Every structure is written in structure tokens, then in C-alpha cells.
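The values are calculated or read from the model by the stated rules, or taken from the named source; none is laboratory data. In this text, all values refer to a predicted model and were calculated from it rather than measured experimentally. Backbone-built Cβ (ideal geometry, glycine too); neighbour counts: all protein chains shown. Remember, those area values only see protein heavy atoms, side chains included, never the ligands or the DNA or RNA. Shrake-Rupley method; radii C 1.70, N 1.55, O 1.52, S 1.80 Å.
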Amino acid sequence: QVQLVESGGRLVQAGGSLRLSCAASGRTSSEYGMGWFRQAPGKDRQTVAAITRSGTTTYYADSVKGRFTISRDNAKNTVYLQMNSLKPEDTAVYYCAAVHLGYSSSEYDYDYWGQGTQVTVSS
């Protein structure tokens, strides 16, 4: 079992930056690939970014490429999502999740989920 807790979401102006954190407890997070997802009101959940257990391979949705960066610190059991040049369309609840496969860009492969953190970008 892995427990995930996201933090860092808040209200920010367009063009600003935020860093989300996902702290893992339970089994060592280094055993899992990790991903960030988001869900806006009335929309389906979408994959934002994913990272392998070692952190050597990453995936980004086209909508965030060049603006967001996923990283991890296995010694701290924490995964980060650095979000720059934020846009109002980035407004959503952001979730982190863990996949035992090691890496996936599909939300359906993920085994454990956090409760989410709200990011609101004002125009």
C-alpha cells in the first residue's frame, strides 16, 4: 500500500508559477512510477505528466510541454510538478498517483491515488 498526499495548490495569476508536491508513505515510492493528473469541472481527468521509478524517463501532455516539469526525490519519497507560465485553462484539481508497473501515461494503469490539490489560475 502507498498513501499519497498532494500539496502546493492555490490561487495564482496567469503567467505565474507553482510547485506541487506529492509525499508518499507506506511502501517505498521508488518502487513505483509516478504521475500527475488533473480534472477540471465538467471535464474528464487527463494525464499531465509521468516519471519512471528512476526518474530518467518522463512524459508530458502536449498542453503542458515546455511549461511543466515533473521530478522526484526518492530519498524524500516525494514527487514534484513545477508549473510555469500558468494559464487559466490549467485550473483544475491536480492528483498524483503511483503505478507499480514503473511507468505509464494512462490513468487506468495507476494503482494508488492522492486526494488532490486545487490549482486556480486567474486571468
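If you check Ser105, Ser54 for being in a loop (DSSP other than H, G, I, E, B), open to solvent by 50 Å² or more (accessible area, probe 1.4 Å), in contact (Cβ under 8 Å) with a residue 60 or more places away in the chain and not hydrophobic (A, V, I, L, M, F, W, C), only one passes: Ser105. Determine whether Leu86 is open to solvent by less than 10 Å² (accessible area, probe 1.4 Å), assigned to a loop (DSSP other than H, G, I, E, B) and either of a type outside the set (Val, Ile, Thr) or more than 21 Å from Val119 (Cα to Cα) (or both). Judged against the criteria, Leu86 is a match.
When you check Arg38 against the structure, is it assigned to a strand (DSSP E or B), modelled with pLDDT of 95 or more and under 18 Å from Asp111 (Cα atoms), yes or no? The answer is yes for Arg38. Only one of the numbered conditions (1) open to solvent by less than 60 Å² (accessible area, probe 1.4 Å); (2) over 23 Å from Val12 (Cβ atoms); (3) not polar (S, T, N, Q) is violated by Trp113, and that is (1).
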